[in-house]
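Here the structure is laid out as C-alpha cells; the discussion comes afterwards.
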Amino acid sequence: MPDVIVIGGGVIGLSIAWELAGHGLTVRVLEQGAIGQESSWAGAGMLPPGPVANARTSESRLRGATHQLWPEWAQSLASLSGMDIGYRRCGGLEVRFGDAGEPSDLSSEIAAVRAEGLVVETGDPAEFRRRFPMLGPELSAAFFLPDFCQVRNPRYLQALQIGCRLRGVELVAGAPVRQIDLSDGRIESVQAGENVHRAAEFVIAGGAWSGELLGQIGFRASIEPMKGQIVLLRATPSPFQSVIQVGLRYLVPRDDGRILIGSTEERAGFDKRNTAQAIGDLIQFARRVVPSLKDAQFEKCWAGLRPYAATGQPYLGRLPQLANVCVAAGHFRCGLHLSPITAVLIRQILLRQPVSLPEECL
Ligand SMILES: Cc1cc2nc3c(=O)[nH]c(=O)nc-3n(C[C@H](O)[C@H](O)[C@H](O)COP(=O)(O)OP(=O)(O)OC[C@H]3O[C@@H](n4cnc5c(N)ncnc54)[C@H](O)[C@@H]3O)c2cc1C
C-alpha cells in the first residue's frame with residue numbers, strides 16, 4: 001500500500017507526486033484517461049512574474065512564491081528527465097490598441113505592477129514600435145516585463161512523468177475513481193474500475209472534475225470547467241520572441257517558430273470542441289496585434305477545460321472534516337505556473353512541516 005494516492009494525473013497531481021516521492025514517500029497516481037492530456041496539456045505555458053516582498057493578496061503571494069521556485073524546479077526536472085522543457089525567460093509585453101470597447105491606456109496596470117515591485121519597462125507607443133517593429137500600427141500603449149517566463153507544457157508534462165517514474169511513483173492511466181469509501185472520518189479506499197486502492201493519505205487533484213469528486217465525500221467546492229480554445233500557427237523565423245498579452249488574450253512564441261494564440265473563456269460544460277467563431281476571432285486578433293502573421297501557416301487548434309473556482313483562488317490543503325484528505329484543485333488560468341508552489345505546500349502539509357505561505361493562501 002502506498003503512503004499517498006493522488007487522484008488526477010494533470011500537472012497538479014504529477015507535480016505533487018514528484019515532490020512527495022522526492023521526500024521519501026511512496027505515491028500512486030490514479031488517472032481516469034491518459035496521463036497529462038487534459039487542461040495541463042492544452043494550456044499555453046505562460047509564467048508571469050510575481051512579487052517577492054510586496055504581495056498584498058493570496059493570488060500575488062502564490063504567484064511570487066511559485067515564480068521564485070521555477071528556475072530550480074525546471075533545472076532539477078530537466079536534469080533528472082534529460083529533457084529540455086522549454087523553460088525560458090522570454091519577457092512579456094502587455095499592449096493595447098485602443099479599439100472600441102477596449103481601454104487604450106495601461107496606466108493603472110503599470111501602477112499595479114510597480115506596486116508589486118516588479119521590474120517593468122515603459123515608454124510611449126512610438127518607442128515600443130521601434131523596439132518591437134512587428135506590433136500593429138494602431139498600438140496605443142505598452143509595457144514590458146523582462147522577468148516573464150514560459151514553459152512548453154506538453155514537454156513539462158512528459159518530463160514530470162519521467163521524473164515521477166524515476167522516483168518510483170506508480171502512474172496508473174485508465175483508472176477512473178468513481179467510488180470513495182469512508183470510515184471513521186477518513187477515506188478508507190477508492191475504487192477505480194475493478195480495483196480497490198488503499199493508502200494512508202489521499203490527494204484530490206482532479207482539475208475541472210474535482211467538484212464532483214469532492215461532492216462524493218460531502219465537501220461542496222464550486223469548481224467548474226471553463227473552456228479555452230487555442231490556435232497554433234507556424235511562422236519561421238518567428239517575428240517576435242516575447243509573450244504578447246492584450247488583457248486576457250495572448251500570443252506565445254515557441255523557439256521553433258510555433259505561435260500559440262489564446263484564448264476564450266466559455267462555460268460549455270465538458271465540451272472541448274472548437275468553434276468556427278472562436279477560431280476566426282483568435283486569428284483576427286493575432287493579425288491585428290502582429291499583422292505579418294497573415295502569412296503564417298495554420299497548424300492546428302484545440303480546447304481545454306480550465307478548473308475554474310468561483311472563490312477566485314485554488315482550493316489547497318486539508319479538508320476539515322476528513323483526517324487523511326488534501327485537495328489541490330481549481331487553479332483556473334494559472335495551474336502550470338502554480339504547480340511548483342502547490343506541490344511544495346501539499347508536501348509541507350502532508351509531512352507536517354512548517355508551511356511557507358500564510359493560511360489565507362490555503
Ligand atoms: C487554453 C488554456 C490556456 C492555459 N494557459 C495557461 C498558462 O499560460 N499558464 C498557466 O499557468 N496555466 C494555464 N492554463 C491553466 C492550466 O492549464 C490549468 O490551471 C492546469 O492545467 C490545471 O491542472 P490540473 O492538474 O488541476 O488539471 P488537469 O490537467 O485537467 O488534470 C486533472 C486530471 O484529473 C483527472 N481526473 C479527474 N477526475 C478523475 C477521477 N475521478 N479519477 C481519475 N482521474 C480523474 C482528469 O482526467 C485530468 O487528467 C491554461 C488552460 C487552458 C485550457
Worksheet item: Lys/Arg Cβ at +1, Asp/Glu Cβ at -1, dipole of segment 144-216 taken about the Cα centre: which of 146, 174, 162 is farthest positive-ward?
Response: 146
Practice prompt. List every residue whose amide H lies under 5 Å from the amide H of residue 141, counting only residues 5 or more places away in sequence or on a different chain, with H placed 1.01 Å from N in the peptide plane.
Written response: 96
Worksheet item: Taking only Cα atoms, what is the 0 to 90° angle, nearest 10, from helix 276-289's long axis to the longest principal axis of the chain?
Response: 50 degrees
Worksheet item: Taking springs between alpha-carbon atoms closer than 10 angstrom, which of 188, 38, 224 fluctuates most in the Gaussian network model of the chain?
Response: 188
Worksheet item: Placing +1 at every Lys and Arg Cβ and -1 at every Asp and Glu Cβ, with all other atoms neutral, what dipole size does segment 121-269 have around its Cα centre, in debye to the nearest 20?
Response: 460 debye
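Using unit Cβ charges (K, R positive; D, E negative) and no other charged atoms, how large, in debye to the nearest 20, is the dipole of segment 55-203 about its Cα centre? Mind showing how you got there, number by number?
Numbers: 17 positive and 20 negative charges, 96 e Å.
Using only the charged Cβ atoms, the result is roughly 460 debye.
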Worksheet entry | Cα-based helix-to-principal-axis angle, 58-81 vs the chain, degrees rounded to 10 | 80 degrees
Worksheet entry | Label-point separation in nm, residue 255 to residue 318, each point 7 Å along Cα→Cβ | 4.3 nm
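For residue 138 and residue 298 in one chain, what is 0.36 nm times their gap in residues minus the Cα-Cα distance, to one decimal in nm?
Working: separation 160, 0.36 × 160 = 57.60 nm, distance 2.44 nm.
Taking 0.36 nm per residue and subtracting the Cα distance, the gain is 55.2 nm.
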Practice prompt. Working from Cα positions, state the angle (0 to 90°, nearest 10) between the long axis of helix 335-350 and the longest principal axis of the chain.
Written response: 30 degrees
Worksheet item: Given a 1.4 Å probe, how much area per residue of segment 91-149 is accessible, in Å²?
Response: 46 Å²
Worksheet item: Which of the trypsin sites (Lys or Arg not before Pro) found in segment 263-362 are loop residues per DSSP with 16 or fewer other Cβ atoms within 10 Å of their Cβ?
Response: 267, 273, 352
Discussion item. Can you tell me which of 343, 53, 309 moves the most in a GNM of the chain? Springs connect C-alpha atoms under 10 Å apart.
Written reply: 53
Response to the item:
Whole-Å distance linking the alpha carbon centroid of segment 86-131 with that of segment 290-353 is 25 Å
Discussion item. If you split all Cα-Cα distances of the chain into 10 Å bins from zero, what percentages do you get per bin, shortest first?
Written reply: 5, 24, 33, 24, 11, 3, 0
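All other residues with a Cβ under 15 Å from the Cβ of residue 3 taken together, and with Lys, Arg as +1 and Asp, Glu as -1, what is their net charge? Mind dumping the intermediate values first?
Values: positive: 28, 167, 186, 198, 347, 352; negative: 19, 170, 201.
Net charge around residue 3: +3.
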Worksheet, complete the sentence: In a Gaussian network model of the chain with springs linking alpha carbons closer than 10 Å, the residue among 168, 228, 92 that fluctuates most is 168
Item to complete: At 1.4 Å probe size, with every protein chain present, just tell me what the per residue accessible area of segment 254-310 comes to in Å².
Response: 51 Å²
Fill in: Carbon/sulfur fraction of accessible area - the chain, other protein chains in place, 1.4 Å, %
50 percent
Discussion item. Over segment 159-238, with the other protein chains present, what is the accessible area per residue in square angstrom, probe 1.4 angstrom?
Written reply: 45 Å²
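Quote the charge dipole size of the chain about the Cα centre in Debye, to the nearest 20; the model charges only the Cβ of Lys and Arg (+1) and of Asp and Glu (-1). All intermediate terms of the calculation are to be shown ahead of the outcome.
Values: 36 positive and 36 negative charges, 97 e Å.
Computed charge dipole of the chain: roughly 460 debye.
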Worksheet item: Could you work out the helix-only [θ] at 222 nm for the chain, with each DSSP H run of four or more residues adding -39,500 (n - 2.57) and the total divided by the number of residues, to the nearest 500 deg cm²/dmol?
Response: -9000 deg cm²/dmol
Fill in: HN-Hα J in Hz across segment 313-323 - Karplus 6.51, -1.76, 1.60, θ = phi - 60°, x for Gly and Pro
8, x, 7, 9, x, 6, 7, x, 8, 10, 6
Item to complete: Among 269, 123, 202, pick out the residue whose Cα is farthest towards the positive end of the charge dipole of the chain, where Lys and Arg carry +1 and Asp and Glu carry -1 on C-beta, about the Cα centre.
Response: 123
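The values are calculated or read from the model by the stated rules, or taken from the named source; none is laboratory data. Because the structure is predicted, anything quoted here is derived from the model rather than measured. Note that each Cβ is placed from the backbone with ideal geometry, even for glycine, and that neighbours are counted across all protein chains shown. With ligands, DNA and RNA removed, areas are computed over all heavy atoms of the protein, side chains included. Shrake-Rupley method; radii C 1.70, N 1.55, O 1.52, S 1.80 Å.
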